[in-house]
Amino acid sequence: MHQADAGPGIFGREIRAAGWGLDSWLPSTQPEPPPADDFDAVLTFGGAMHPDQEDMHPWLATEKALLARLLDRGTPLLAVCLGSELLSEAAGARPRPAREPEIGWAEVEVADEAATDPVIGPLRPRFTAFQWHSYEVPLPPGAVALAQSLVCLQAYRIGECAWGIQPHAEVRLVDAERWIDDYRSDPDAVRIGLDPERLRGETHERIGAWNQLGFELCGRFLDTARAL
């Protein structure tokens, strides 16, 4: 996790309910990553920083190297938003600013190629997702595109055990409220004229169904990880 209000969220409950242990690493305060061989699965989450800001956040390079090792080892991975951007770079892509930020609720189309994907496939043909990002992920070499919005790639799979998703399927209402309250700290949110009260109202309406989707998505990832 990269900041206190962007951690496992509802995924944490699903992980524990499924009988897994859950350890956390906050690289900004814990420079040494945990031993990669000790984990049966790894999830990496969002943050206000961008993947190319290693000058401001040197630990980004450490995390990218860790993700590359985990990919090589075949460790099951689920990466969300910033985590997805870092995973894509570890796999050989280069995240970049999107043509426009996606902040709020947006439609996501699930690709035909996702039909047999165990994690994203059940979301076909489309779903409405909570987004908060300004960067996009080009498809890593050899990866499979699984979902797309009008702006950018939303989900991909690397090999048979690593997934990147751009939407915040893990977000709790309490964390979404904090992000909305603090939206002025995001220059892109200010630039596009984000209406915080409109977003807050829509979030209250949609968060229940969105959290159910998140529980199920995380559960499918855990089932897949256990089977690998």
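Looking at the stretch 23-68 only, could you name the residues that are more than 19 Å from the chain's Cα centre (by Cα), closer than 21 Å to residue 221 by Cα and among the charged types (D, E, K, R)?
Scanning the stretch 23-68 gives 37, 38.
So which residues in the stretch 58-105 are touching a residue at least 60 places away in the same chain (Cβ under 8 Å), farther than 21 Å from residue 8 by Cβ and touching a strand residue (DSSP E or B) at 6+ places or on another chain (Cβ under 6 Å)?
91, 101, 102, 103, 105
Condition check ((1) crowded, with 18+ Cβ neighbours inside 10 Å; (2) under 11 Å from the mean Cα position of the chain (by Cα); (3) closer than 26 Å to residue 204 by Cβ; (4) at pLDDT 95 or above) across all residues:
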| position | (1), (2), (3), (4) |
| --- | --- |
| 78 | yes, yes, no, yes |
| 82 | yes, yes, yes, yes |
| 90 | yes, no, no, yes |
| 95 | yes, no, no, yes |
| 105 | no, no, yes, yes |
| 112 | no, no, no, yes |
| 116 | no, no, no, yes |
| 119 | yes, no, no, yes |
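Testing residue 73 on (1) under 17 Å from residue 42 (Cα atoms); (2) buried (at least 20 other Cβ atoms within 10 Å of the Cβ), one condition comes back false. Which one is that?
(2)
Go through the stretch 27-57 and report how many residues are free of Cβ contacts under 8 Å to residues at least 12 places away in the same chain and surrounded by fewer than 14 Cβ atoms within 10 Å (Cβ to Cβ).
Residues meeting the conditions: 9.
Is one or more of the residues making up the stretch 54-74 over 17 Å from residue 168 (Cβ atoms), assigned to a loop (DSSP other than H, G, I, E, B) and polar (S, T, N, Q)?
Checking the stretch 54-74: not a single residue is over 17 Å from residue 168 (Cβ atoms), assigned to a loop (DSSP other than H, G, I, E, B) and polar (S, T, N, Q).
Would you tally the residues in the stretch 1-15 being over 12 Å from residue 168 (Cα atoms) and part of a helix (DSSP H, G or I)?
Within the stretch 1-15, residues that are over 12 Å from residue 168 (Cα atoms) and part of a helix (DSSP H, G or I) number 4.
Does any residue of the stretch 97-116 turn out to be closer than 15 Å to residue 1 by Cα, part of a loop (DSSP other than H, G, I, E, B) and β-branched (Val, Ile, Thr)?
No, that holds for no residue.
Can you list the helices (runs of 4 or more DSSP H) found entirely within the stretch 146-227 that contain at least 1 residues being of a type in the set (Phe, Trp, Tyr) and closer than 22 Å to residue 127 by Cβ?
Helices (runs of 4 or more DSSP H) meeting the threshold: 173-181, 196-227.
Out of 187, 140, 167, 196, report the one residue that is farther than 23 Å from residue 19 by Cα, out of contact with any Phe, Trp or Tyr (no Cβ under 8 Å at 6 or more places or on another chain) and either aromatic (Phe, Trp, Tyr) or at pLDDT 95 or above (or both).
187
Give just the number: which of (1) exposed (fewer than 15 other Cβ atoms within 10 Å of the Cβ); (2) in contact (Cβ under 8 Å) with a residue 40 or more places away in the chain; (3) in a helix (DSSP H, G or I) does residue 141 not satisfy?
All conditions pass for residue 141, except number (3).
The values are calculated or read from the model by the stated rules, or taken from the named source; none is laboratory data. Predicted model only: the values in this text are computed from it and were never measured. Virtual Cβ from ideal backbone geometry, glycine too; neighbours counted across all protein chains shown.
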